[in-house]
Amino acid sequence: MGRLSQIFRLVFADLGHEKLLSLCQIVAIAAVLAPLLVLFGLREGVIGTLIERLNRDPAMRLVVPEVTGANRFDAVWFKRIGERPDVAFVLPSTRAIAGQVDLARADDPAAPVVRVSWLPTAPGDPLSPAGKPLADGLAEISLSTAAAERLGIKAGAMVNAAIERQRAGKIEPVRIQLKVGEVVPPELYDGVAAFVSLPLLEAVQAYRDGYAVPALGWEGDGPAPAMEAYPLFRLYARSIRDVPGLAADLRAEGVVVSTHEGEIASALALERNLTTVLLVITGLALVGFVVAVAINAVAGVERKRKHLAILKLVGYGRSWLTGIPLLQAGVLALAGAVVAVAAFAGVAMVVNATFAGSLQGGEAACRLSVAQLCGAGAATVLIAMIPALFGGLLAARIEPSLELRDV
């Protein structure tokens, strides 16, 4: 431990002796690293925010089956799809026509009737603003903002649902009163729809197929048989990056689906292209940085050949002489990285303040995490020490008899 502290004292004493040169080297390192940090911060901020916004929009992760009636999806299929790591939510759905229901305010018989699409929901629904079920049981419903505005109601209100069927040439209407549990924000769903439990949606389809629904007091030709397969589903990928692969697998099974793959591909291509450009710029900067550090280390050894020869003469071994340029390069690189991070923090603050009007809560136009900044600093130190090894090896080969013969 004493020998280690001694070599550090030597390194800092030497840097202090050449403090102006050391300061210039620190500034030079910061001048290379700070712009790179800002560029990657903009990439993380601007492109990262774009990707995050797309991921937060459930519509971008939605995989919609075409209403063709050609496919039937049973419990085995739903279990298999639900266990995929790229699937965030999947739920069976009945025929689309069975989910067209007229809603009206329960407190105003003269209020206009609004026809909405009923969609099944369950715990974990990506459209749930509070993370809880949008509807449960046979007496609850949630509405999209568009549907709630047309009805002129808010969460907690009561609505009447009117359902009709034609049997034996006669129109048979029934009604059910439902409580509105949630109003789904427009940023999560912008259509005119209502969200109900799957049993309630199945009950509506069974009634329209002529069956009785004893749980709701609806009469018919006996209870409906248990559904063993469904014609449709609601499916959300875990992230926008999972949508293309998930859609491709479904199409390979013969399931025709539609997605926002075009918009997703454009965003991801922009991310890849910008990353490629930044890597090219970083590569060029890295080459220049390595060459500069190597030249500086060699030049430093050449300036101090006699001093290093004296150290070797008094008993400092080859490892010591090799370590001095390495440690000097590491100390200078660490100091330069600290200055670069401070400069990045200042620039990021200005950039984020400039774009504050177009950012949402928690977003930033220029950002890097603490882990990323620490990683950049550690990489800078490591990269600086690698070319400095040439100077260390050159120092270790110094022969005191040759360097001190004129002293």
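The values are calculated or read from the model by the stated rules, or taken from the named source; none is laboratory data. Small disclaimer: the values here were computed from a predicted structure and weren't measured. Don't worry about glycine lacking a Cβ; one is built from the backbone with ideal geometry, like all the others, and counts go over all protein chains shown.
Details
- Across the range 208-225, the qualifying residues are those that are under 45 Å from the mean Cα position of the chain (by Cα) and part of a loop (DSSP other than H, G, I, E, B), and the one among them that is surrounded by the fewest Cβ atoms within 10 Å (Cβ to Cβ) is PRO225.
- A residue that is in the same structural domain as ILE240 (by TED's automatic domain parsing), on the phi < 0 side of the Ramachandran plot and touching a Gly at 6+ places or on another chain (Cβ under 8 Å) can be found somewhere in the range 145-159.
- Members of the range 236-286 that are more than 26 Å from ALA70 (Cβ to Cβ) and among the basic types (Lys, Arg): ARG238, ARG241, ARG272
- Among the residues of the range 179-201, those identified as surrounded by fewer than 21 Cβ atoms within 10 Å (Cβ to Cβ) and among the charged types (D, E, K, R) are LYS179, GLU187, ASP190.
- Counted residues, the range 345-391 - those being buried (at least 19 other Cβ atoms within 10 Å of the Cβ), more than 19 Å from the chain's Cα centre (by Cα) and assigned to a loop (DSSP other than H, G, I, E, B): 0
- Qualifying residue in the range 65-82 (condition: in a helix (DSSP H, G or I), under 30 Å from ALA353 (Cβ atoms) and modelled with pLDDT of 90 or more): no
- Single match in LEU200, LEU188 (criterion: in contact with an Asp or Glu (Cβ under 9 Å, 6 or more places away or on another chain), in contact (Cβ under 8 Å) with a residue 60 or more places away in the chain and part of a loop (DSSP other than H, G, I, E, B)): LEU188
- Selection status of PRO92, within 23 Å of ALA75 (Cβ to Cβ) and at pLDDT 90 or above: yes
- GLU164, sole failed condition from (1) under 30 Å from GLY222 (Cβ atoms); (2) within 35 Å of the chain's Cα centre (by Cα): (2)
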